[in-house]
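Quick notes on the structure that follows.
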Amino acid sequence: MITLATSCKKEKHESALIIKNGQGQTTLKLLNFKQKIQIKIGDMMEADSALWYLEGLLNYEQANNTHEFQQIDFYYDTLPWPASNGTISTHNIQQIYASLSEQSQLIAYQNGDPAYTFNLIDLNLLETDSKTSTQALAVTLSGGLPEAISSYLAFSEDDYWISGGLLGKCDIYAGQCVGRDATTELEYFFNLPKTNPGFYVSIESVDAHAFDYPASDNPYGNYKIWAENINHSNNCLDPDELNYYLSKWEFIRSINKPADKTFCAVDVQWNIVVGKLSNEGFHTYSISYGEYVGSNNN
């Protein structure tokens, strides 16, 4: 898992459009925005509104699908956001749009499978210099290969996974499946299943840290999310423990859900706290929610 220090919460002035105008008019507004940034090169737009349109357009074009995947991969990048006094030119927006479109197409091409598509494109503004109000655009792209899954699964008797580091399985299965770990396997289950075709706008991300969710019913530790403790000297999670964290996912996903938004995707991250005596590992769930637009007519 790759991690990125996040972000101020982006403002979404256009988020009421879906309820007010319906999915067809929301899509039309996004397409009109695309035409505007291609034609009206010298115009200025309110930066927060431009961000909403840009994110929505990219999701309409790149992530308009059933959102059912074999496995979701996450990619992170940061781009300059050349806004000034709360506005940004349509010329700069067009350049950012072209750059992100090209980047997503390159990721899909490098995957080597023509069926590869995106689940979500999330844009957030980061303040890089408080004195000059300089901002950068934090970009999260998630995608994979489609696969229809009808229900949640459970971990099986051979699911013994190292907590992180993509080091594969453990216990008697040590050395198998290097390139995966407990984070990739939990993430796979958490992202299933999805519902109807469509795309998302007004995306908001929330980080759920292990230490914020104490548990009195966890026989393996102190939290509803995995965190290293005295019983994890080798950080090997067995099927029963993995199924415990799977059983708590619905609670964590629901308690963090913003009003009027639905779950989009989650990136399960393995983190390390470096201490003087020892290093401790824990999981963080970076959960994305958005306003769902039920349309698949791109």
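Quick look at the values:
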| item | result |
| --- | --- |
| Alpha-carbon spread of the range 161-293, three principal axes, descending order, Å | 46, 30, 28 |
| Cα-Cα P(r), the range 17-144, percent of pairs per 10 Å interval | 12, 40, 34, 13, 1 |
| Label point distance in nm, residue 101-residue 229, each placed 7 Å from Cα along Cα→Cβ | 5.2 |
| Cα centroid separation, the range 66-117 to the range 24-60 (Å) | 15 |
| Greater than 32 Å apart at Cα, pairs in 29/224; 40/257; 224/261; 169/224; 36/261 | 29/224; 40/257 |
| Neighbourhood net charge (14 Å Cβ-Cβ; Lys/Arg +1, Asp/Glu -1) for residue 216 | +1 |
| Within the range 161-293: Cβ-based charge dipole about Cα centre, in debye rounded to nearest 20 (Lys, Arg +1; Asp, Glu -1) | 140 |
| FRET E, pair residue 110, residue 158, Förster distance 30 Å, beta-carbon r, rounded to 0.05 | 0.45 |
| Residue order, fewest to most surrounding Cβ atoms within 10 angstrom, among 100, 51 | 100, 51 |
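Readers should treat all values here as calculations from the given coordinates under stated rules, not as data from a laboratory. Given the structure is predicted, the values throughout are model-derived calculations rather than measurements. Cβ: placed from backbone, ideal geometry, glycine included. Neighbour counts: every protein chain shown.
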